[in-house]
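Working notes, structure below.
The values are calculated or read from the model by the stated rules, or taken from the named source; none is laboratory data. None of the values given here were measured: they were computed from a predicted structure. Backbone-built Cβ (ideal geometry, glycine too); neighbour counts: all protein chains shown.
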Amino acid sequence: MALLCACRLDMHVQPRLNPLARSDFFPDQRGARPLVEGTVARGQLHADTYFYTGRVEGSPGNSMPFPVTKKVLERGRERYNIYCSPCHSLLGDGNGFIPSRGFSKRPPSYHIERLQKAPLGYFYDVISNGYGIMGDYSAQIPPPDRWSIVAYIRALQLSQNATKADVPAGETVPSAAPRFRGDPGSGATLPVLRQSAAADQMNSPIEEKK
């Protein structure tokens, strides 16, 4: 009996404070303390406001926050095809799979005058915050990928509205059909293209002029 009285439960039943419980230690009696002013969670500083909002002094900007490279456009095309093309279509004309199957609200074409003149920050803002019945994609698409999609949308607009004056010197319009090296591929395999037009010329017979 004496041994039982000597047992202490301090290590098992410790004094503690339940979450959001009342505390007499602080003058406002709140156990859950407010964050210190200026506290920023790790990875959420967002000091570059244009990169994270697409806006300059409240209005959409019209510049990319980083250089547009082939890698950026390829990433934008990949993300666009995954998240945007079901409604906007692969061409950006608004006739994607979902509208073509009876969805009543067809998205506008990227090739109308209004959207051709829209600043880049406008597209970024729509992806981030949604527009009309389109929900936002901020949870699915991180900011760098949103800008990549914006760059690819501009490329789509140029591809569908370019003039002959926009074609680089030496290029033909329309472009020559791609030439394959061996099997052109099937739905399960990708085609293997020749490396360049120069390689085509080297591997094809040249007729001498008489």
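Within the range 149-173, restricting attention to residues that are among the small types (Gly, Ala, Ser) and in a helix (DSSP H, G or I), the residue that is farthest from Glu74 (Cα to Cα) is Ala165.
Listed by first and then second residue, the pairs with beta-carbon distance under 7 Å, at least 6 apart or on different chains, first residue in the range 119-148 and assigned to a helix (DSSP H, G or I), second among the polar types (S, T, N, Q), are Leu120/Asn62; Leu120/Ser63; Gly121/Asn62; Ser128/Ser138; Arg146/Ser128.
For Asp48, the conditions (1) farther than 22 Å from Ser159 by Cα; (2) in contact with an Asp or Glu (Cβ under 6 Å, 6 or more places away or on another chain) are fulfilled apart from (2). Among residues belonging to the range 37-82 that are of a type in the set (Ser, Thr, Tyr) and over 30 Å from Gly96 (Cβ atoms), point out the one that is modelled with the lowest pLDDT. For the range 37-82, the residue satisfying everything is Thr39.
Can you tell me which condition Thr53 does not meet? The list is (1) out of contact with any Lys or Arg (no Cβ under 7 Å at 6 or more places or on another chain); (2) crowded, with 17+ Cβ neighbours inside 10 Å; (3) under 15 Å from Met134 (Cβ atoms), and all the others hold. Of the numbered conditions (1) out of contact with any Lys or Arg (no Cβ under 7 Å at 6 or more places or on another chain); (2) crowded, with 17+ Cβ neighbours inside 10 Å; (3) under 15 Å from Met134 (Cβ atoms), the odd one out for Thr53 is (3).
Scanning the range 97-152 for residues that are at pLDDT below 95, in contact with a Ser or Thr (Cβ under 9 Å, 6 or more places away or on another chain) and exposed (fewer than 14 other Cβ atoms within 10 Å of the Cβ), we see that the one that is farthest from Asn81 (Cα to Cα) is Ser100.
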